[in-house]
Every structure is written in C-alpha cells, then in structure tokens.
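Every number here is computed from the coordinates shown, using simple stated rules; none is lab data. This structure is a prediction, so every number in the text was calculated from the model and none was measured. Here the Cβ positions follow ideal geometry from the backbone for every residue, glycine too, while neighbour counts run over all protein chains shown.
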Amino acid sequence: MRLNPHLPLVYHSNYSFNFDPKHRFVMSKFAQLYKHVAELGLIGPNLIAPTLGTPEPLELVHCENYIQDLWHNRLDEKAMRRIGLPWSQPLMNRTFTAPQGTLRTARLALEHGLACHLAGGTHHAHSDFGSGFCMVNDLAFTAQTLIQSGEVTNVLIFDLDVHQGDGTAAMLAHQPYAYTCSIHCEKNFPFRKSPSDLDIGLANNMQDTEYLGIVDDTLQFLLKELNPDLVLYDAGVDIWQDDGLGKLDITWEGIKKRDHLVFKRCLEHNIPVASVIGGGYDRNHERLAQRHGIVIEQAARF
C-alpha cells in the first residue's frame, strides 16, 4: 500500500539536543525519528513546527509554582530525582515546546481527520510534580485547552503506553468532558496508580492476539459510547517484547497491527485522531526510532 506524503506531521528541531547517550531516556530519538520518517518519503510541506513553548500556557493544568520553579531550575534534588532527567536550558526549551506540538497536532487532526506528533505522551507528569521522565503533561494540557476554548465538546485519551497514564488520569479526574483510558502492564511503573475513567491492567508477558483483542474491543466500545470529537492516541512502543522497561511480549508486527487498528476504528467512526509517540526504551537508538516510526507509517497508510 502506498504511503500518503500529505499526512500532517508536527516536529521541532529543539526536541533533541546534546545529552548523555548512555541515559535510559534516549533524547536523540526525536531527531532520529525525524530522519527515519524523512527516509520513508513522508516529510515535505506537510511538516509543521509548533510555536516555541513558555511556562505560562501550561499553568492551565499545572500549578504555577511548580511550572515556574521547573523553568527557573528551583526544584529541589528530590523533585528532580523523581523526574529522572538532569536540568538544562535546552531541556526546558523542548519540555515546554512539546505540549504546543501535541496541541498543534490535535488541531490538525480536527481539520484533516488524522495527524501525528513526532514527540509527546508525557503522561506521568502531575499538576504539581514531574515523574518518570515526564515534566509537563502534554495530553492533559491539550485536552483541557481544546475543551475550554470550545473547539471540542469531548475528548477520548486512549493511552496504550505499557505504563499506566497516572498523571493524565489525576489531572483530568474532575474534567467531565475528557475521558481517560489506559491499557497497560499492571505490574509495572507507576507502582501507585491514579484511577483513569477506564483502566485495563494486563498480565506480564501477554502476547499479540490477546492484546489486540482487548485493544479493539475497548476502543470500539468507547467510540460507540462516547462518540468523542477527538481521540488523543498515546502510541507507546514500550509494549514491545524486547523493550528495556516493558514486561509484555508484543511483537514488532503486533505494534503495527495495533496502530493500524486504532486509526482504522477512529476513521470508520469519522472521529479525528491525533497520535503522540509515548514511551520506548532501547540501547539500540536507531531501532528505537524505527519503532516509534511505526505509528507514523501506519497513519500514512490511510
């Protein structure tokens, strides 16, 4: 099947910068993902850069003190240890730009039916603290912004990262027009989970057939029940059987089928879908970029 070179893509060159290549979080993956997607022939006038981020817009969903302390490097050592990333100005630039990228991707999806962000999915960030390599929550920020502006009535956040979307769940718990669903490995980080509107905890070592059945049944049910104006899809690739932090047994082909299925079901219901890349951990950085590229390649098939 031919890939569509007009698929709206969102990316900023500040997503990757000089960073410890041995760190568990692969900061180069965004630039490598861009390169991989370009090699697929999918980058041209369809590539959109988000506006450079500043702390103030994030105060819509995060505590002002937390956001300002983070931006100005005033968080204490314990708070930074919980995040797991060393503070730097380039890190702040990418951290506050990426949510603008997810918001832009969502708006492009509302316009075109489908759009992909070459970053995003920082679902462990809470309103007043960061966690698990996540400093600010792009999913909660995007949902709240679009609901508050009246651009959408309701949003489904469909989170298929292997780790439960605790920050998103907590931050949107009192937002009746955002529905959070997390399908994740139960015995995995975070060990204290915040209840989503729907949580499905999977057993360790689950394989493709059972996993894809759960994803399909859940998504079809939610699309029918909620009829959302938009789906924000967190396409975490840490479900892969050889992921460094995964604990599931999903093949590379299983990830392809999952992403294809999510886009297919949303578009069958004429519901716009915006994807973010979510988590993925691998000592082989090039292979990780290719894994994150699966969701973009599958989107380009529609």
**OP:** Neighbouring Cβ atoms within 10 Å as the yardstick, rank Ser149, Ser88 fewest first.
**Re:** Ser149, Ser88
**OP:** Please give every one of the aspartates and glutamates within straight-line cross-link reach of Lys22, meaning a C-alpha to C-alpha distance under 17 Å, and leave out same-chain neighbours fewer than 8 residues apart.
**Re:** Asp243, Asp282, Glu286
Subject >> Coordinate range along principal axes, alpha carbons of the chain, Å, largest first >> reply: 49, 42, 40
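Rounded to the nearest 500 deg cm²/dmol, what is the calculated helix-only ellipticity per residue at 222 nm for the chain, with -39500 (n - 2.57) per DSSP H run of length n ≥ 4?
On the way: 9 runs with 119 residues, N = 302.
That comes out to -12500 deg cm²/dmol.
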Subject >> Bridge type composition, the chain - antiparallel percent by DSSP, nearest 5 >> reply: 5 percent
Original post:
By a straight-distance test (C-alpha under 13 Å), which aspartates and glutamates pair with Lys193 as possible cross-link partners, with residues fewer than eight away in the same chain excluded?
Top reply: Asp166
**OP:** Please go through the residue pairs Lys78/Lys256; Lys35/Lys247; Lys29/Lys224; Lys35/Lys187; Lys35/Lys78; Lys29/Lys264 and name each one whose alpha carbons sit more than 31 Å apart in this structure.
**Re:** Lys78/Lys256; Lys29/Lys224; Lys35/Lys187; Lys35/Lys78
Subject >> Student exercise, region 9-299 dipole from Lys, Arg, Asp, Glu Cβ charges, in Debye to nearest 20 >> reply: 600 debye
Original post:
With the chain treated as a Gaussian network of Cα nodes joined by springs under 10 Å, which of His260, His112, His174 yields the largest mean-square fluctuation?
Top reply: His174
